[in-house]
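Only one structure is covered here, and it is reproduced in the block below.
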Amino acid sequence: MYDYKAAFQTAVEQVKGEGRYRVFADLKRVRGQFPRAVRRREDGSEQDVIVWCSNDYLGMGQHPAVIGAMRAELEAAGAGAGGTRNISGTTRSAVDLEAELAAWHRKEAALLFTSGYVANEATLTTLQRLLPGLIVFSDSLNHASMIAGIRNGGGERHIYAHNDLEHLEALLAAAPADAPKLVAFESVYSMDGDIADLGGTIALARRYDALTYLDEVHAVGLYGETGAGVAERDGVLDGIDIVECTLGKAVGVMGGYIAADAVIVDAVRSWASGFIFTTSLPPALTAGALASVRWLKAHPELRAAHQQRAATLKARFAAAGLPVMPSESHIVPVFVGDPVHTRMISDLLLEEHGVYVQPINYPTVPRGTERLRFTPSPDHDDAMMDDLVAAMDRLWTHCNVARLPAVA
């Protein structure tokens, strides 16, 4: 008989043997105290920690306006949405949220999904059904959800070198002129922290009659005058045909969405299995997201503080000789280059210093580029940074990890 259990155990042991086995930290987040949390150890004891790797970039998941809106909607509408929107109808706050999101990105319509992953996977798969013969051109560092959607669509696809517009143009030029085309890319790439040339990519797409599909998951709420993303910051919102974003990072809640022309959104709504057959977001979540988006649009000072904190941490790491990787954005990656050392440093930071930062290993990043990825928020103060840099400095020496020359 086939030993199913042994096969699963072998798969787990392989990951452990490569030094990239993932362990979840048991954290209790305390309302109003972000980025502080309480960790429960395996023996049941508790430890105060500072969270340095949350994608709740601005702490909006703890914001009184968001919590208040969610509490009010929970009392008014109850816990669940009752099923899919096709069966159970649409929660009023979801309708209002979609209108707010469409206006944020200066599009005619928006469509909610249960996560950013589902939004990407469902939309990119469906676009290939709606546009027979569609050729997709995808940046080599696009997120796994984009890759899944492109692959699941089953159409012709070409991968261009990361942020390499010359390579993209060569691929576009070689494609049949009369074939439908789509260029799929991100604005902020979350592991390296670099930002795409949106204007240049849009210009190429227009030259070769291709649609543009932009993932702003790690930019929405964080860039632009109202927080609509890098496309708003760069003044190119009109050049993006379909924008995809999340509600689970800077917005601080959960969910994903696309925004585009009304006819595009309607077609995806009518054909995407990932939308049609999935229970819709609970009303408390859509109400909380709506409150968060409205707050973010009105408070650019939060984005300014966020950028200042990220720049400060980069400078402090560099001054200590720690190998902070070049980053144009709010992402602060520190290079380690080995999965075992990355895991070791992460474990010691947590156990000995109360610093929680997850190791980033393969397959999230290529082998040999393992790193720690820090995401400072406006709530990470100077004292927290002092403690973090001192802990990192000691551990880099203790673990004998390569440094950079100290920067004054």
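The values are calculated or read from the model by the stated rules, or taken from the named source; none is laboratory data. Bear in mind that the values here come from a model prediction, so they are computed numbers and not experimental data. Every residue, glycine among them, receives a Cβ derived from its backbone with ideal geometry; neighbour counts consider all protein chains shown. We work out accessible area using only protein heavy atoms, side chains counted, and drop any ligands, DNA or RNA first. Shrake-Rupley method; radii C 1.70, N 1.55, O 1.52, S 1.80 Å.
Rundown of residues vs (1) open to solvent by less than 40 Å² (accessible area, probe 1.4 Å); (2) more than 19 Å from ILE50 (Cβ to Cβ); (3) in contact (Cβ under 8 Å) with a residue 40 or more places away in the chain; (4) among the β-branched types (Val, Ile, Thr), yes/no style:
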{"residue": "ALA310", "(1), (2), (3), (4)": "yes, no, yes, no"}
{"residue": "GLY321", "(1), (2), (3), (4)": "yes, yes, yes, no"}
{"residue": "GLU328", "(1), (2), (3), (4)": "no, yes, yes, no"}
{"residue": "PRO333", "(1), (2), (3), (4)": "yes, no, yes, no"}
{"residue": "ILE345", "(1), (2), (3), (4)": "yes, no, yes, yes"}
{"residue": "LEU349", "(1), (2), (3), (4)": "yes, no, yes, no"}
{"residue": "VAL355", "(1), (2), (3), (4)": "yes, no, yes, yes"}
{"residue": "ASP393", "(1), (2), (3), (4)": "no, no, yes, no"}
{"residue": "TRP396", "(1), (2), (3), (4)": "yes, no, yes, no"}
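Let me confirm something: among ASP241, ASP266, which residue is modelled with pLDDT of 95 or more, under 17 Å from LYS107 (Cβ atoms) and surrounded by fewer than 17 Cβ atoms within 10 Å (Cβ to Cβ)?
Checking each option against the conditions leaves just ASP266.
Which of the residues that make up region 163-210 are free of Cβ contacts under 8 Å to residues at least 40 places away in the same chain and hydrophobic (A, V, I, L, M, F, W, C)?
The answer is LEU165, LEU168, ALA170, LEU171, LEU172, ALA173, ALA174, ALA177, ILE202, ALA203, LEU204, ALA205.
With respect to ALA315, determine if the residue is under 25 Å from ALA228 (Cα atoms) and either open to solvent by 30 Å² or more (accessible area, probe 1.4 Å) or at pLDDT 95 or above (or both).
No: the conditions fail for ALA315.
Quick check on my filter: what residues within region 40-76 are charged (D, E, K, R) and over 22 Å from the mean Cα position of the chain (by Cα)?
If the condition is that a residue be charged (D, E, K, R) and over 22 Å from the mean Cα position of the chain (by Cα), then ARG40, ARG41, GLU42, ASP43, GLU46, ASP48, ARG71, GLU73, GLU75 are the ones that fit.
Output the residues belonging to region 142-170 that are assigned to a helix (DSSP H, G or I) and open to solvent by less than 40 Å² (accessible area, probe 1.4 Å).
Initial filter on region 142-170 (assigned to a helix (DSSP H, G or I)): 144-153, 165-170.
Hits for region 142-170 are SER145, MET146, ALA148, GLY149, ILE150, GLY153, LEU168.
Among what's in region 276-301 and is in contact with a helix residue (DSSP H, G or I) (Cβ under 8 Å, 6 or more places away or on another chain) and closer than 13 Å to ALA250 by Cβ, pick the residue that is surrounded by the fewest Cβ atoms within 10 Å (Cβ to Cβ).
The qualifying residue surrounded by the fewest Cβ atoms within 10 Å (Cβ to Cβ) is LYS297.
Kindly establish whether VAL49 is open to solvent by less than 50 Å² (accessible area, probe 1.4 Å) and at pLDDT below 95.
It is false that VAL49 is open to solvent by less than 50 Å² (accessible area, probe 1.4 Å) and at pLDDT below 95.
Please state which one of ALA272, ALA210 is open to solvent by less than 10 Å² (accessible area, probe 1.4 Å), within 14 Å of LEU127 (Cα to Cα) and out of contact with any strand residue (DSSP E or B) (no Cβ under 7 Å at 6 or more places or on another chain).
Matching residue, one of ALA272, ALA210: ALA272.
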